[in-house]
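Just below is one structure, and these are the notes that go with it.
Every read-out reported here was derived from the displayed coordinates using simple, explicitly stated rules and does not represent laboratory data. The model shown is predicted, which means the values in this text are computed figures rather than measured ones. We place every Cβ from the backbone using ideal geometry, glycine too, and count neighbours over all the protein chains shown.
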Amino acid sequence: MLYENIAEEAERIVKKYNERNPFRLCRDMDIIMLFRSMGSGEGAIKGFYFEACRIETITVNSDLPESVQKIIAAHELGHALLHKTDGVRLFHETGLLDGSSQAEKEANFFAAELLVSDSEVLEVLNQGRSFFSAAAELNVPPELLDFKLRMMKYKGYKLNDSPIYAENGFLKNICTDDKSQIF
């Protein structure tokens, strides 16, 4: 899928529902949102999307900090919107689809587009914030801000390069044992 399609899909649902919060979007789009304890140790599943018989469900690990749950929900919503197929599809960012998969990359770009508007990023960067300070102020991990900046560059914004290059599987490494984690 092209970056343009990902940006258009994120923009379409934000405009249609006047919302960026993935939890409320799922409610409004009749996607069932479940929160289940899936562990906090290394290799714990963060979340997954499941569709069967036209019933869509996103399950998020309730053992994660709320700020991480929001990112996981946005990522899985990206799978729901970008990777629809007939039959049963199951996604989660550990195991089934590895960090090198195109679908994971697309879901990360979608999450970045959904959670942070271009204007929010520009406002923070125009205040002279460093990349890492901007990520903290926007309450996203630096990797997600890197995905957002790449999307903005694709759209034609003239921005400095990010000091990091986020890998598709960055969600695997997000802390799962600190409920108070904020970015």
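Computed on the Cα atoms alone, the convex hull of region 3-173 gives a volume of 111 cubic angstrom per residue. Ordering of 160-170, 108-118 by packing is 108-118, 160-170, highest average first (other Cβ atoms within 10 Å, averaged per residue). Peptides 2-8, 61-67, 153-159 ranked from most to least packed give 61-67, 2-8, 153-159, packing being the mean of other C-beta atoms within 10 angstrom over each peptide's residues. Each Cα pair under 8 Å and six or more residues apart adds its separation to the average, and for the chain the resulting relative contact order is 25 percent.
If packing is taken as the average number of other Cβ atoms within 10 Å across a peptide's residues, how do 142-152, 45-55 rank, most packed first?
Numbers: 142-152: 23.0, 45-55: 17.3.
Ranked by mean Cβ neighbours within 10 Å, highest first: 142-152, 45-55.
When the Cα positions of G39, Y165, V14 are compared along the charge dipole of region 3-173, V14 comes out farthest toward the positive end, with charges on each C-beta of Lys, Arg, Asp and Glu.
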